[in-house]
Amino acid sequence: MRNKWLITTAALSLIIAAAAVQILPDMIPVHYGIDGNVDRIGSKYEVFIFVGITVIIAVTGILLRRKFGKDAQTAVGEKEASHAVGNGKVCMIVCTAVNAVILGFECVMVCMGYSGIQQISGTEGELYCSAAVILIGILFAVLGNIMPKMKMNGLMGLRTSWSMKNDEVWARCQRMGGTVTFFGGIAVILSGIVLRGYTSLAAMMIIFLVIFAVMIKGSHQIYTDWEKENKHD
């Protein structure tokens, strides 16, 4: 079953939510302020929001894989067909990784809610924020490993006016972007471990801006270098 891991993550989200509402208090902390303290409480049934998100991502991943499958069938050449099939697989991996991270968010929220509103202090609120940062960092590290495997397409990868010039430039840009994204993800994970609360969140945003800037500048430089290498062709 080609979609089993994607479906499994969505099913696990439903199972966890269904089990959680049996043991959670009626009201749980669902948001934290900049000081790490609870600033909004809500119904325990809000955990099912995560279920909805994972189902949407699962359906999106399956539909995208089918799209790439149709592209493979209508492709003009064997190379284009192979690229479409490969991108379909990559799409499923990306969606599964995203669902796994959302599953992590759900588990953290359930654990924090199980402690009860009265027991949640600024320290626990900061821990929730840091845990969220670590999960996002893990996702970026995974995406960084996947990017070099992406063939040119209109949906995924480092897509700029320079990276889309041809297959060679695209491949170089994905390798560069994957490396930057992977190490950026590691930096985000470390910021979640070393820092606390919104400080780790601020560090994450700065790291993301650096990743974005480096990839944009890098894709331009890669295309410029390619042009110099092929100017006499």
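The values are calculated or read from the model by the stated rules, or taken from the named source; none is laboratory data. Model, not experiment: these values are computed from the prediction. Using ideal geometry, Cβ is built from the backbone for each residue, glycine included, and neighbour counts are taken over all protein chains shown.
Of all residue pairs spaced 6 or more apart or on separate chains, those with beta-carbon atoms under 7 Å, a first member in the range 91-116 that is in the same structural domain as Ile16 (by TED's automatic domain parsing) and part of a helix (DSSP H, G or I) and a second member that is among the hydroxyl-bearing types (Ser, Thr, Tyr) and surrounded by fewer than 20 Cβ atoms within 10 Å (Cβ to Cβ) are Cys95/Thr60. Lys165 meets each of the listed conditions (1) surrounded by 16 or more Cβ atoms within 10 Å (Cβ to Cβ); (2) free of Cβ contacts under 8 Å to residues at least 60 places away in the same chain apart from (2).
Counting the residues of the range 73-89 that are surrounded by 14 or more Cβ atoms within 10 Å (Cβ to Cβ) and farther than 17 Å from Lys149 by Cα gives 1.
For every residue, the table says whether it meets (1) over 19 Å from Phe182 (Cα atoms); (2) within 21 Å of the chain's Cα centre (by Cα).
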{"residue": "Leu64", "(1), (2)": "yes, yes"}
{"residue": "Lys70", "(1), (2)": "yes, no"}
{"residue": "Val76", "(1), (2)": "yes, no"}
{"residue": "Val98", "(1), (2)": "no, yes"}
{"residue": "Leu139", "(1), (2)": "no, yes"}
{"residue": "Gly144", "(1), (2)": "no, yes"}
{"residue": "Leu155", "(1), (2)": "yes, yes"}
{"residue": "Arg159", "(1), (2)": "no, yes"}
{"residue": "Met164", "(1), (2)": "yes, no"}
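Please indicate, with yes or no, whether at least one residue in the range 207-215 is surrounded by fewer than 20 Cβ atoms within 10 Å (Cβ to Cβ), over 21 Å from Ser161 (Cβ atoms) and without any contact (Cβ under 8 Å) to a residue 24 or more places away in the chain. No, that holds for no residue.
Scoring Ile138 on the criteria (1) farther than 19 Å from Ile93 by Cβ; (2) surrounded by fewer than 20 Cβ atoms within 10 Å (Cβ to Cβ); (3) among the hydrophobic types (A, V, I, L, M, F, W, C); (4) at pLDDT 90 or above leaves a single failure, condition (1).
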